[in-house]
Each structure stands twice: as C-alpha cells, then as structure tokens.
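The values are calculated or read from the model by the stated rules, or taken from the named source; none is laboratory data. All values reported here derive from a predicted model rather than from experimental measurement. Note that we place each Cβ from the backbone using ideal geometry, even for glycine, and neighbour counts take in every protein chain shown. Each accessible area value is taken on the protein alone, full model and side chains, heavy atoms only, with ligands, DNA and RNA left out. Shrake-Rupley method; radii C 1.70, N 1.55, O 1.52, S 1.80 Å.
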Amino acid sequence: MGVIRTFIAIRLPGEIERALGRLAAGIRPAWPERGVRWVKAENIHLTLRFLGATEEERVGGIGEGLAAVAGEHEAFELALAGSGCFPNGRRPRVIWTGVADDAGRLVALQSDIEGLVRELGWEAETRDYRPHLTLGRVRQGVKPPQGYWCGDPPAMTFAVGAVELIESALQPGGAEYRTRYTAPLRGRGV
Ligand code: ATP
Ligand code: MG
C-alpha cells in the first residue's frame, strides 16, 4: 500500500459553497488575472487538521479515532463572518472567509482532533488554529489591489454534522479531494 496526502475537514452544504463561489467571483476582478489560484466552489472547506503524508493502511484507524471523537460532540451551527488575508493585507498569500464560533464548539472539536492525531503519532501542530475557508491562494510576490478586494460574506449559517478524512491528490489543475471516511457528530439531523 502506498502513501497518500490527507487532511481532516468539515465540508460545506452546497448553498454555502455556491455563496462563497459568488463572493470569490465578485472580488476576482480586483486581483491580477493570474495572481490568484481561486478555489473551485465545490472544493471550499473548513480544515481542522492537515495530516499530509499518510500510509494507506492507517486510514481505517484514523477513521475509527475520528468516529470516537465526533461521537463526543453534538452537531452545531456556524455562521459565515468576515474575510481577510493571511498573513496580512500587505503581503497576502491566502484570501479567506471566516466563521463565527461564539460558543467555542468548533475550537473544542478541533482541539480533540488535535489530541487524536497526536495519539496516532503525528507531530504537534505548533501554529494556533485559525479557522478559515480558503477562497484563493495568492501567488508569491503579487501585491494586493487597491480598494475593495476582500468582500464580506452574506449572513448565512450552516449545520456542522460530520467531520471527514479527505484524501488530496495534487494535480496541475488544483487538488482533487476524495472523502475516505465520514464521522458523524452526535445528534446529527435531530
Ligand atoms: P493546492 O495545494 O493545490 O493549492 P490545497 O491546498 O487545497 O490545494 P492541500 O495542499 O492538499 O490542497 O491541502 C489540503 C488542505 O489542508 C487545505 O485546506 C490546505 O489549506 C490545508 N493545508 C495544506 N498544507 C497545510 C499545512 N502545512 N498546514 C496546515 N494546513 C495545511
Ligand atoms: Mg496546498
């Protein structure tokens, strides 16, 4: 068995993906044409933990661990909130939209997933978790445009009912994602 590239994420309902796709399309003309790789609407997601190189035979064990963690968290709601650039607006690399997690449910879930992947042998993530939905990746050296380049998302909320282990196949046209395991949160759909 081989080694694949994986990450753990929350996928978005289609209407949220489409709303974010429209948001990205609205700010796209402000940026240099080839200066940003825009994420296809159906690929926009909320990463919880990037795992990177993962031996195929470990997928089942990660899935079982995710099922156990997810089963300890109730399904919850998030709201789209704000937009910005990492690391900052002067030297943008990632154009993102944020989520409001006022009750701390997302951070609690992410922290338990971090604990799980540490138990499974991954190195600790040293950077703080900053939840975001990546809309585009800015090529090195591209300057931010003048004026309105990072629009606010519409006021929309969505239910988080599961976390997914996703395989990412890097292709010239952008990463292709394939869900390898879906772990439902408690009370989903109730
Ligand atoms: P591409 O690399 O072709 O732009 P992508 O970034 O969507 O596509 P991956 O690089 O496989 O695909 O990343 C999958 C997810 O993990 C994305 O949300 C990405 O932002 C995140 N990610 C990738 N590398 C890291 C990392 N080193 N630390 C934290 N998150 C990461
Ligand atoms: Mg990447």
*Name the residue, out of V138, V117, that is within 23 Å of L23 (Cα to Cα), of a type in the set (A, V, I, L, M, F, W, C) and within 16 Å of ligand 1 (Cβ to nearest atom).*
V138
*Qualifying residue in region 177-184 (condition: among the aliphatic types (A, V, I, L, M), more than 15 Å from ligand 1 (Cβ to nearest atom), within 24 Å of L80 (Cβ to Cβ) and not in a loop (DSSP other than H, G, I, E, B))*: yes
*asked:* Take the conditions of a type in the set (D, E), within 28 Å of A159 (Cβ to Cβ), open to solvent by less than 40 Å² (accessible area, probe 1.4 Å) and more than 12 Å from ligand 1 (Cβ to nearest atom) and apply them to D101. Does it pass?
replied: yes
*Is there a residue in region 143-150 that is within 16 Å of ligand 2 (Cβ to nearest atom) and touching a Phe, Trp or Tyr at 6+ places or on another chain (Cβ under 9 Å)?*
no
*Residues (among the acidic types (D, E) and either open to solvent by less than 10 Å² (accessible area, probe 1.4 Å) or more than 26 Å from A155 (Cα to Cα) (or both)) located in region 1-60*: E33, E55, E56, E57
*asked:* Can you tell me which residue is least open to solvent (accessible area, probe 1.4 Å) among those in region 165-179 that are touching a helix residue (DSSP H, G or I) at 6+ places or on another chain (Cβ under 9 Å) and away from ligand 2 (no atom under 11 Å from the Cβ)?
replied: L165
*Going by the conditions given, is E57 within 16 Å of ligand 1 (Cβ to nearest atom) and out of contact with any strand residue (DSSP E or B) (no Cβ under 7 Å at 6 or more places or on another chain)?*
no
*Meets criteria (of a type in the set (G, A, S) and either at pLDDT below 95 or closer than 27 Å to E42 by Cβ (or both)) for G141*: yes
*Collect the residues in region 87-108 that are under 18 Å from I10 (Cα atoms) and touching a Phe, Trp or Tyr at 6+ places or on another chain (Cβ under 8 Å), keeping them in residue-number order.*
W96, A103, R105, L106, V107
